[in-house]
Protein chains: 2
Amino acid sequence: MKLYSYFRSSAAYRVRIALNLKGLDYATQAVHLVKNEQQQAEYSVLNPSQLVPTLIDEEQSLLQSLSILEYLEERYPATALLPKNLIERAKIRAFAQAIACDIHPLNNLRVLKYLQDELSLTNEQKSQWYQHWILEGFKSLEVQLQRSNGQFCFGNSATIADCCLIPQVYNAKRFKVDLSPSPKIESIYQHCLTIPAFLHAAPEQQPDWE
Amino acid sequence: MKLYSYFRSSAAYRVRIALNLKGLDYATQAVHLVKNEQQQAEYSVLNPSQLVPTLIDEEQSLLQSLSILEYLEERYPATALLPKNLIERAKIRAFAQAIACDIHPLNNLRVLKYLQDELSLTNEQKSQWYQHWILEGFKSLEVQLQRSNGQFCFGNSATIADCCLIPQVYNAKRFKVDLSPSPKIESIYQHCLTIPAFLHAAPEQQPDWE
């Protein structure tokens, strides 16, 4: 398998965690988002959205991090990242999507670029925008975790919820978001940092890290 | 089943289409987003993200439209909205997520409200923002559909891709986005408009339509 990745992309980071948790070997192909390598013709053929990640498996080009997580779960079921119970699966997917649909899309590089280049936002305004959507989103995630008493988001094994949460917390910390209103999130983050599958997926561990 | 819905919410519209395609009966409970009913305490208990839709099934509160579509597919498999082949499933989910993660989150009500109230954008700037993300997104969707020769996004039966595409096109048309660069999208939209499951899910057909 080959993963088109950018060290700082939290969508690629989700897939790296899942591949590691499942013990799947893969090669990393870096796509430098700040240098706009995602817009090059060769990459656009693989990924018409010109985003990362793209996973190549069995010569197929697979897009969108959550779709890739579902694919990995169906194709390589060992070390399951979703339980069997349908209601639990729905709650875990909803948690993952609250990150992937409600927080991350508002704060990724292309949006911050638009705010700066097209709308001439100041750094202060961009930072407020960034923090606003994380704080709004984390408030809901923290409530969704209230009934969780395990070491991970849902129980004592990692799920796709953790694959999505850890990169989002990493980003929040990078932008100095105050996580004191989110003690459950913080404690799950700290726990995951002790696990090799998560550690090896971190931006600092990537071959393209700068 | 009970669906907490808002007639104009395209996330709720996705779920309404899926419920109709699967022939599942449900009651609609309107949540008026412009009147901020989603922020009322009673609703926040069901949906801590204070968004629609929420689906109640077997006394469980299910959040996030794509998670609800996956739940419906697993719990009520008749009239499948995903094929069996793993690569096809991945491509269909990626298409749905390109809408749910890359287009819709940037253009929903709470974001347009932030652009207006916090950043004092003019109507012209808001409209440019709106059109920008739809046009960017549709460019990629149109490419993803190039190999598709069926009446729907992927073949000749509806999938979760169509459940997501039709509400997004409805929104684009409402905001007068030029769809001439997207002939495949337009033709699939026109086909779906002839099908009762899609028609009955439209905003105009909802009990809370204004």
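The values are calculated or read from the model by the stated rules, or taken from the named source; none is laboratory data. Quick caveat: nothing in here was measured; it's all calculated off a predicted structure. Backbone-built Cβ (ideal geometry, glycine too); neighbour counts: all protein chains shown. When the accessible area is computed, the model is the full protein with side chains, heavy atoms only, and any ligands, DNA or RNA have been set aside. Shrake-Rupley method; radii C 1.70, N 1.55, O 1.52, S 1.80 Å.
Values as computed for the structure displayed
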{"read-out": "Between segment A:60-85 and segment B:128-196, the Cα center-to-center distance that results, in Å", "value": "26"}
{"read-out": "B from A by rotation - nearest chain A beta carbon to the axis, in Å", "value": "A:Pro105, 2"}
{"read-out": "Estimated FRET transfer efficiency when R0 is 30 angstrom, pair B:Asn36-A:Gln146 (beta carbons, to 0.05)", "value": "0.80"}
{"read-out": "Per-copy distances of the A:Val143 label point, shortest first, in nm (7 angstrom along Cα→Cβ)", "value": "3.9"}
{"read-out": "Net charge dipole size for chain A [Lys, Arg +1 and Asp, Glu -1 on Cβ; Debye, nearest 20]", "value": "480"}
{"read-out": "Set of aspartates and glutamates with alpha-carbon distance to A:Lys126 below 20 Å, sequence-local pairs under 8 removed", "value": "A:Asp102, A:Asp117, A:Glu118, A:Glu136, A:Asp178, B:Asp102, B:Asp117, B:Glu118"}
{"read-out": "Full-stretch length increase - A:Asp208, A:Val45 - with 0.36 nm per residue and alpha-carbon distance subtracted", "value": "56.5 nm"}
{"read-out": "Inter-chain shielding of B:56-65 (mean C-beta neighbours from other protein chains, 10 Å cut-off)", "value": "4"}
{"read-out": "At R0 = 22 Å, FRET efficiency that the Cβ-Cβ distance of B:Arg110 and B:Ile56 yields, to 0.05", "value": "0.45"}
{"read-out": "Cβ-derived FRET efficiency at R0 45 Å, B:Thr79 paired with A:Ser187, nearest 0.05", "value": "0.60"}
{"read-out": "Relative contact order [Cα under 8 Å, 6+ residues apart], chain B, whole percent", "value": "27"}
{"read-out": "Segment A:80-210, accessible surface, carbon-and-sulfur percent (1.4 angstrom probe)", "value": "51"}
{"read-out": "For q = 0.10, 0.11, 0.14, 0.16 Å⁻¹, Debye-computed log10 I/I(0) when each Cα of chain B counts as one equal scatterer", "value": "-0.42, -0.51, -0.84, -1.10"}
{"read-out": "Magnitude of the charge dipole, segment A:86-197, Cβ model with Lys/Arg +1 and Asp/Glu -1, debye to 20", "value": "200"}
{"read-out": "Pair A:Thr194, B:Leu86: separation of 7 Å Cα→Cβ label points (nm)", "value": "3.3"}
{"read-out": "Positions from segment A:34-50 whose accessible area shrinks by 30 Å² or more when the full protein complex is built, not the chain alone, probe 1.4 Å", "value": "A:Pro48, A:Ser49"}
{"read-out": "Cβ-based charge dipole, segment B:54-154, positive-most Cα from B:Ile56, B:Leu145, B:Val111", "value": "B:Leu145"}
{"read-out": "Partner chain coverage, peptide A:99-106 - average Cβ within 10 angstrom", "value": "6"}
{"read-out": "Sparse-neighbourhood loop sites, trypsin sites (Lys or Arg not before Pro) in segment B:55-125 - DSSP loop, at most 15 other Cβ within 10 angstrom", "value": "B:Lys84"}
{"read-out": "Using distinct alpha-carbon pairs, which all enter the 1/r mean, Kirkwood radius of the protein assembly as shown in Å", "value": "21.6"}
{"read-out": "All Cα pairs of segment B:2-79, percent lying beyond 17 Å", "value": "38"}
{"read-out": "Per residue, in Å², the accessible surface of chain B once ligands and nucleic acids are set aside, probe 1.4 Å", "value": "42"}
{"read-out": "Buried area at the B-A interface (accessible, heavy atoms, 1.4 Å probe, summed, Å²)", "value": "4100"}
{"read-out": "Cα-centre dipole for segment A:1-55 with unit charges at Cβ (Lys and Arg positive, Asp and Glu negative), debye to 20", "value": "200"}
